[in-house]
Amino acid sequence: MAERVNEYGQRIGEPMPQWQPAKAPGDQPMTGRYCRLERVDVDKHADDLYDAYSAAPDGRDWTYLSVGPFDTRAAYREFLSACAASPDPLHHTVIDLATNKAIGTLSLMRIDKPNGVIEVGFVVFSQRLQKTRMATEAIFLLMQRVFDELGYRRFEWKCDSLNAPSRKAAARFGFTFEGVFRQAVTYKGRNRDTAWFSIIDSEWPALRAGFAQWLDAANFDSQGVQRRSLQSCIEARRG
């Protein structure tokens, strides 16, 4: 692509004459093959979620979050009430279609409609959800909403730079690592250097096809073991 310069000989970015601001996320549920995402509802979801989180043997799933773990059902319900009332982050519950139980949450946040930038964050997956097809599908359903329905240009993932599982998940889901913002946040009485990842709209068609191939029932044998990894499905589409 030819380099663009202005009348002063300065390099400038590509023009965007057709760009329109992205849309605000709505309240419509997102339903896939294995799970459904719907807006957090305290009366519908709090008890299921608290039970799912309480099944963990310890509190390590909350180490890199700014809140939790919660010692009582009442304390978690109070937190979830604040989540339900928040327009940004916009919290969603992950529902297992097989049991109709709430087993985790995640959110759309830092919603920047004029620039078409949005972030997935506050991912709190119980151990009933972690490392399942539902966990992957939940992220995929959000991606579909962000790019296909709402018209965003950039989808971000951020985490504590020391959070190795989150960094591994971002790479698996096709996000590109962009760097570390040093001393970006303080939480729970400690420093956080923040690792940044992103997907941009030009990358989405290959990712969409890769996710669809991985999530297809034909990609799993009779024991539920994957035939091809998500990363290999994505890379084949990128190629």
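Rule-based calculations on the coordinates, nothing more; no lab input. As the structure is a computational prediction, the values presented were derived from the model and not from experiment. Cβ: placed from backbone, ideal geometry, glycine included. Neighbour counts: every protein chain shown.
Brief remarks follow.
- Rg over Rh for the stretch 118-207 works out to 0.98, both radii taken from alpha-carbon positions and Rh defined as the Kirkwood radius.
- Global dimensions of the stretch 6-45 from alpha-carbon coordinates: Rg and Dmax equal 20.8, 61 Å.
- Helix-only [θ]222 nm of the chain, DSSP H runs n ≥ 4, -39500 (n - 2.57) each, per residue, nearest 500: -8500 deg cm²/dmol
- Remark: spin-label model distance residue 11-residue 185 equals 3.2 nm, labels positioned 7 Å along the Cα→Cβ axis.
- Dipole size of the stretch 1-125 about its Cα centre, with +1 on Lys/Arg Cβ and -1 on Asp/Glu Cβ: approximately 280 debye, rounded to the nearest 20.
- Placing unit charges on each Cβ (+1 for Lys and Arg, -1 for Asp and Glu) gives the stretch 24-238 a dipole about its Cα centre, and among 111, 85, 234 the Cα reaching farthest toward its positive end belongs to 234.
- Using a Förster distance of 22 Å, the FRET efficiency for residue 225-residue 54 (Cβ separation, nearest 0.05): 0.15
- In this Cβ point-charge picture (+1 for Lys and Arg, -1 for Asp and Glu), the stretch 24-238 has a dipole of about 580 debye about its Cα centre.
- Cross-linked pairs 44/168; 23/168; 44/113; 168/188; 101/188; 101/131: Cα-Cα separations exceed 28 Å for 44/168; 23/168; 44/113; 101/188.
- Cα long-axis angle, helix 73-85 against the chain (0 to 90 degrees, to the nearest 10): 30
- In this Cβ point-charge picture (+1 for Lys and Arg, -1 for Asp and Glu), the stretch 187-234 has a dipole of about 300 debye about its Cα centre.
- Lys/Arg +1, Asp/Glu -1 at C-beta; the chain dipole; positive extreme among 205, 220, 26: 220
- Gyration tensor (Cα) of the stretch 24-238, equivalent ellipsoid semi-axes in angstrom: 25, 22, 18
- Per-residue packing, averaged as other Cβ atoms within 10 Å, sorts the ranges 3-10, 217-224 into the order 217-224, 3-10, beginning with the highest.
- Mean separation of Cα contacts under 8 Å (6+ apart) over length of the stretch 89-226, as relative contact order %: 17
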